[in-house]
Each structure stands twice: as structure tokens, then as C-alpha cells.
Amino acid sequence: MREEFMSLLQTFRNPALALALAAVLASPVAADPASDDPAAEYAKKGADTCLKCHDEPPVNLVFHTPHAQRADARTPFASHDCETCHGASPEHIKEPATKGEKHTPTQVVFGVNSKNYPVSPAAEQNAVCLTCHESGLRMNWHASQHQFADVPCAACHDVHALKDPVLVKNEQPEVCFTCHAEQRAQINRRSRHPIKEGKVVCSNCHNPHGGPGPTLLAKNTVNETCYQCHAEKRGPYLWEHQPVREDCTNCHMPHGSTQPRLLKVRTPYLCNMCHSENFHPSTLRTGLGVPPTGADDRLLGKGCLNCHSQIHGSNHPSGAHFTR
Ligand code: HEC
Ligand code: HEC
Ligand code: HEC
Ligand code: HEC
Ligand code: HEC
Ligand code: HEC
Ligand code: HEC
Ligand code: HEC
Ligand code: HEC
Ligand code: HEC
């Protein structure tokens, strides 16, 4: 509760956000569009009216989705059917569908793919969905990067599809990649999370509707996000390695890396980002050279990890240096 209040407070401290919020609040569409506005002229026969002209897939597939459970009073089809979402459209349904003549729906028309009409602004579209979906995962929507960037719900969700692709594990990444091309490249690198295989999905780590932490993460912090599946890294350890406790991305790339084990760079350079190169740890020749070459041992095999193998922390009484 306190956190919600603080984030609200921050919203108002930031003049740009406050203005944006004020604009949303002042806009007429922020009023409950699904409510029974007596002035609105909804089609007398509900969906049947629309189906006279729109009875083809993908439009009519909506009847096979959770939204069409008429018996469930919470669904759009328990009130004004199609128009619960699309808005009362008396002008639109009146016009004859003459060939070559364009209909002009006067009400909210959804759609990133609309070829025929100007698409309603994202805030207007989203207000409709949010009348029913404001809680749960979407608690932080109004402070999310996607909301600020005017991304409509319909950019990710296809409510007319038999199964909304973004809710299907191995189809979800493609939806995200339409806008996040860099991540597509990252998940194809040699070391990567098994995202392509559908074992890990973007929404395991991100809540695209907004999260309490940074970068739309699903949990408060990067580490909490990783511990969901790598619980053993949570510790507590007798000997903690400070950067591990702080943030896994000090050393790892979450999506994919050209280095093994999702590492940002390979050892010893990884370690040398923080540890001096000047004496034991990193002098080029440690004197411990491996025969027969006597070559620089820190560059061999796993480098520093040959000895410092418990890099995430150790529970061994003499593991202070993470060597056991
Ligand atoms: C008399 C026939 C007719 C009726 C009735 C009708 N529509 Fe349409 N609708 C059309 C035509 C034709 C188009 C334009 C399609 C085109 O130009 O490709 C259209 C376009 C649309 C679009 C925009 C599609 C896009 O490309 O973005 C939406 C949304 C829509 N109708 C919803 C509805 C809803 C909801 C109802 C019921 C309240 C309804 N229509 C009733 C004929 C009709
Ligand atoms: C849960 C809200 C919701 C309901 C209920 C709903 N729609 Fe839609 N409809 C949408 C959204 C969102 C889009 C935009 C999809 C997109 O752009 O990818 C859309 C798109 C459309 C389109 C354009 C399709 C296209 O491929 O361009 C038509 C036509 C349409 N809806 C008609 C209807 C009709 C008729 C009904 C009732 C049988 C209906 N809708 C029920 C939300 C809804
Ligand atoms: C009138 C209320 C209402 C409106 C408006 C509405 N929804 Fe829903 N939606 C529901 C209900 C009820 C369910 C079923 C929830 C459940 O079963 O727990 C649902 C389910 C969903 C699901 C899950 C579908 C699945 O296959 O599990 C998604 C995604 C969704 N809605 C997105 C949207 C989007 C996007 C919009 C706006 C275009 C929208 N909804 C508008 C009431 C609504
Ligand atoms: C950037 C992509 C994206 C946008 C934008 C987005 N969603 Fe989602 N949505 C998802 C993903 C991914 C999931 C699956 C989440 C999961 O499984 O944890 C989801 C799940 C859902 C669900 C079903 C799960 C639940 O919470 O019950 C609903 C309902 C929903 N979204 C509604 C919305 C509404 C309403 C909006 C707009 C305000 C919206 N979404 C905007 C990607 C998006
Ligand atoms: C319609 C385009 C679009 C789609 C689809 C989309 N995003 Fe985004 N996303 C954006 C924009 C725009 C931003 C804000 C600007 C930026 O940071 O790139 C953003 C921001 C983000 C951020 C925060 C970036 C940061 O620096 O804080 C994450 C994480 C993210 N998106 C994940 C996802 C995921 C996961 C999906 C799929 C479920 C998805 N996005 C789908 C457009 C999109
Ligand atoms: C294993 C967890 C995990 C998965 C799975 C994941 N991400 Fe991320 N993502 C992160 C973390 C952690 C960050 C923050 C990186 C940082 O702060 O350096 C991030 C950052 C981002 C950003 C912001 C830009 C950046 O690189 O900092 C975008 C956009 C993004 N992710 C999109 C996606 C998309 C799209 C998917 C699915 C294809 C996805 N992520 C899957 C953990 C994950
Ligand atoms: C949804 C579960 C999940 C989450 C959350 C998750 N991981 Fe993973 N991680 C996996 C799976 C599955 C593998 C592959 C294991 C395998 O192949 O044996 C993996 C592998 C790894 C690997 C080893 C990669 C390799 O090449 O061997 C690293 C490093 C890693 N994860 C780091 C992270 C970090 C950092 C985070 C947080 C940003 C994180 N993981 C969040 C499931 C997850
Ligand atoms: C100081 C750098 C560093 C930090 C910070 C770090 N790691 Fe690692 N991690 C490594 C190195 C180096 C390896 C490769 C170890 C090897 O090859 O023996 C590794 C390997 C892994 C692996 C795969 C092998 C295994 O041990 O299971 C996982 C999973 C992993 N890390 C998860 C995490 C998580 C989760 C965090 C955050 C809690 C984290 N790492 C923070 C350096 C780090
Ligand atoms: C992001 C910075 C960072 C990275 C990268 C990093 N470390 Fe550390 N490391 C630290 C900090 C901070 C400490 C705690 C130093 C202290 O207590 O004086 C530490 C402590 C240690 C210690 C224990 C030192 C002692 O005095 O007991 C060892 C051993 C160590 N690191 C090895 C490594 C190795 C090997 C790598 C590469 C795989 C590595 N570190 C990567 C920041 C880092
Ligand atoms: C041949 C084994 C070996 C290799 C390789 C090795 N170390 Fe060490 N390291 C040790 C041992 C043993 C200690 C404890 C030394 C001591 O107590 O004097 C140690 C101690 C440390 C310490 C704590 C130093 C201090 O003064 O408290 C750091 C930091 C460290 N190593 C980092 C590294 C880094 C970074 C690399 C790779 C560039 C590396 N080590 C390679 C065996 C190794």
C-alpha cells in the first residue's frame, strides 16, 4: 500500500507525468465506456447486428474465447457484446455496405492493423480494456514504459484469435520482437536462456504491464527475478561475493551472450573489471605457471575460475576466497 502511494506521489512530483495523468483523467473516454450510458445507442440485437456483415474469421473467432462466456457477468458479452469494446456505433451499422464506399464507425475503432480507419489513440483504447482489467498484473500499468510509450493493449493482445499468441509460450517472443529487434539477436547467441525452445519466456522475467522494479521486471529487483528459477544462488552464504548479492547483471547478460554461461566478458577480464591487475590476483605471470609452457595460468581454461570456483559464494569454513 505504501509503495503504491509513493509511486503515486512520484507521479505528481514529475510535472510531465502529472500532465499526462491529468490529460487521461480529463479525457471523456476515461469515463467507464462499458457502463450503461442511456444516451448511447447500442445495436438492438447486439452481436447479431454486427455479424450480418462481420461473420467471418478472425472476427467471429471471438466467440471461442473467454470474453464470450455470456454466463459470466464480468465479460463483454454479458453486456453490449461487440460494442462493449468497440463502442456504440449507430452510424456505422446504419450505412449500407455499398461496394467501394467506406463505412465510418463513429466510435472507438481498435486496431494496430486497421487499414481503413484512423486508429483510436492508445489511451482511449486501453481505457476500455482497463475498465475490466485494472487489477492484478496491471496494477502498475500507469507507471509502465509501455504506457508512457503509448503502446496499446492490442499491440500485444489479439482478442479475436482462438488463442492469443502472446499467452502461448513459444509464440510470445515473436510478438515482442516486432518492436524489440535487439533482443531477437541476443536470444540467438551461442550462450542464451532457452527462450527459443519455449522453456523460458519473456514474461518469466518481465511484466510487460509494468512492475514495481526497474526495466519492467517481474519482481522488485534483478536478483529476485533470477532467484525464481536459480534459487540456489540466493544463499545465504557464509562467504558472500559482494557483486553477486548486488546484481546478477554485474557479470551476466540476461538474454544471451557470445561468451559462455551468459557472461558479459570472459575471465580474467570479467574479474579485472573490479579486481586490480597489479598483484597476485592478476599479475600476468603469477609464478604458478602450468608446465610445460609455464604459460600464464590465469588465461588458461577457466582462468581465475580454475581456483576461484565458488564464484557465487561459499559455505566452506575456509572458502573466504571462493576457492572451495
Ligand atoms: C452493414 C454492414 C456492417 C455492419 C452491420 C457492421 N459493420 Fe463494421 N464494417 C463494415 C464494413 C464494410 C467495414 C469496412 C471494412 C473494409 O473497408 O474493409 C467495417 C469496419 C469495421 C471495423 C474496422 C475494421 C478495420 O479495418 O479497422 C470495426 C472495428 C467494425 N466494423 C466493427 C463493427 C461492429 C462492432 C459492428 C456492430 C455494432 C459492426 N461493425 C457492424 C460493415 C458493417
Ligand atoms: C474484448 C474486446 C473486444 C470484443 C468483445 C470484440 N472486439 Fe473486435 N476488436 C478488438 C480489438 C482490440 C481489435 C483490434 C485487433 C487488432 O488490431 O489486431 C478488434 C478488431 C476488430 C475488427 C477488425 C479486424 C481486422 O482484422 O482488421 C473487426 C471488424 C471487429 N473487431 C469486429 C468485432 C465484432 C463484430 C465483435 C463481436 C462479435 C467484436 N469485434 C468483439 C476488441 C474486441
Ligand atoms: C467487460 C469486461 C471486459 C472488457 C471490456 C475486456 N475484458 Fe478481457 N476479460 C474479461 C473477462 C471476464 C475475462 C476472463 C477472465 C477469467 O477467466 O478470469 C477476460 C480475459 C482476458 C484475457 C485472457 C484471455 C485468455 O485466453 O486467457 C486477455 C488477454 C484479455 N481479457 C484482454 C483484454 C483486452 C486487451 C481488452 C481490451 C481490448 C479486454 N480484455 C477487454 C473481461 C473484459
Ligand atoms: C507489451 C506487451 C503487452 C501489452 C502492451 C499488454 N499486455 Fe497483457 N499480457 C502480456 C503478456 C506477455 C501476458 C502473459 C503474462 C504472464 O503469463 O505472466 C499478458 C497477460 C494479460 C492478461 C491475462 C493474464 C491476467 O492478468 O489475467 C490480461 C487480462 C491482459 N494481459 C490484459 C492487458 C491489458 C488490459 C492491457 C492494456 C492496458 C495489456 N494487457 C497490455 C503482454 C502485454
Ligand atoms: C508495439 C511495440 C512494442 C511491443 C509489441 C512490445 N514492446 Fe516493449 N517497449 C516498447 C516501447 C516503445 C518501449 C519504451 C521505449 C524503450 O525503452 O524501448 C518498450 C519498453 C520495454 C521494456 C523496458 C525497457 C527499458 O529500458 O526499461 C521492456 C523490458 C519491454 N519493453 C519488454 C517487452 C516484452 C517482454 C514484450 C512482449 C511481451 C514487449 N516489450 C512488446 C514497444 C513494444
Ligand atoms: C532470464 C530473465 C529474462 C528474460 C527471459 C528476458 N529478459 Fe529482458 N531483461 C532482463 C533483465 C534482468 C534486464 C535488465 C538488464 C540490465 O539492467 O542490464 C532486461 C532488459 C530488457 C530490455 C531493456 C533493454 C536492455 O537490454 O536493457 C528489453 C527491451 C527486454 N529485456 C526485452 C525482453 C524480451 C523481448 C524478452 C523475450 C524475448 C526478454 N526480455 C526476456 C531479464 C530477462
Ligand atoms: C523461468 C526460469 C528462469 C529464470 C527466471 C532465470 N533463469 Fe537462468 N536459466 C534457466 C534455464 C531453464 C536455464 C538453462 C539450464 C540448462 O540448460 O541446463 C538457465 C541458465 C542460466 C545460466 C547458464 C547459461 C549457460 O550457458 O549454461 C545462467 C548464467 C543464468 N541462467 C542466469 C540467469 C540470470 C542472471 C537470471 C536473472 C536475470 C536468470 N538466469 C533467470 C531458467 C531461468
Ligand atoms: C562476479 C560475477 C558474477 C556474478 C555477479 C554472478 N555470476 Fe553467475 N556466474 C559467474 C561465472 C564466472 C560463471 C561461470 C562459472 C563456471 O563456468 O564455472 C557463472 C555461472 C552461473 C550459472 C551457471 C552455472 C551454475 O553455477 O549454475 C548460473 C545459473 C548463474 N551463474 C547464475 C547467477 C545468478 C542467478 C546471479 C545473481 C544472483 C549470478 N549468477 C551472479 C559469475 C557471476
Ligand atoms: C562488479 C565487481 C566485481 C567483479 C566483476 C568481480 N568481483 Fe570479486 N569482489 C568484488 C568485491 C566488491 C569484493 C569484496 C571486496 C572486499 O571485501 O574487500 C570481491 C571479493 C572477491 C574475493 C574475495 C576477496 C577477499 O579479500 O576475500 C575474491 C577471491 C574475488 N572477489 C574473486 C573474483 C573473481 C575470480 C572474479 C571473476 C570471476 C570476480 N571476483 C569478479 C567485486 C567484483
Ligand atoms: C592458481 C590458483 C589461482 C588463480 C588462477 C587465481 N587465484 Fe586468486 N587466489 C588464489 C588463492 C589460493 C588465494 C588466497 C591467497 C592468499 O590467501 O594469499 C587467492 C586470492 C585472491 C583474492 C583475494 C586477494 C587478497 O589479497 O585478499 C582475489 C581478489 C583474487 N584471488 C582474485 C583472482 C583473480 C581476479 C584471478 C584471475 C585473474 C585469480 N584470483 C586467479 C588462487 C588463485
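The values are calculated or read from the model by the stated rules, or taken from the named source; none is laboratory data. Note that the structure is a prediction, hence the values are computed from the model and not measured. Backbone-built Cβ (ideal geometry, glycine too); neighbour counts: all protein chains shown.
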Next item on the list: Kindly provide the set of residues from the stretch 154-173 that are aliphatic (A, V, I, L, M) and free of Cβ contacts under 8 Å to residues at least 12 places away in the same chain, ordered by number.
Entry: 166, 167, 168
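Look through 208, 212 and report the one residue that is over 11 Å from the mean Cα position of the chain (by Cα) and away from ligand 10 (no atom under 16 Å from the Cβ). Working first, answer last.
Values: 208 fails: over 11 Å from the mean Cα position of the chain (by Cα).
The unique qualifying residue is 212.
Can you give me the ranges of the helices (runs of 4 or more DSSP H) entirely in the stretch 153-249 with at least 2 residues that are in contact with a His (Cβ under 7 Å, 6 or more places away or on another chain) and under 23 Å from residue 264 (Cβ atoms)? Reasoning before the result, please.
On the way: elements: 153-156, 172-177, 181-186, 202-205, 222-227, 242-246.
Once the helices (runs of 4 or more DSSP H) in the stretch 153-249 are filtered for at least 2 residues that are in contact with a His (Cβ under 7 Å, 6 or more places away or on another chain) and under 23 Å from residue 264 (Cβ atoms), what remains is 181-186.
Taking the stretch 154-168 on its own, how many of its residues are under 13 Å from the mean Cα position of the chain (by Cα) and modelled with pLDDT of 95 or more?
4
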Notebook entry, point to check: Hey, does the stretch 224-244 have a residue that's touching a residue at least 40 places away in the same chain (Cβ under 8 Å), closer than 30 Å to residue 150 by Cα and crowded, with 18+ Cβ neighbours inside 10 Å?
Noted result: no
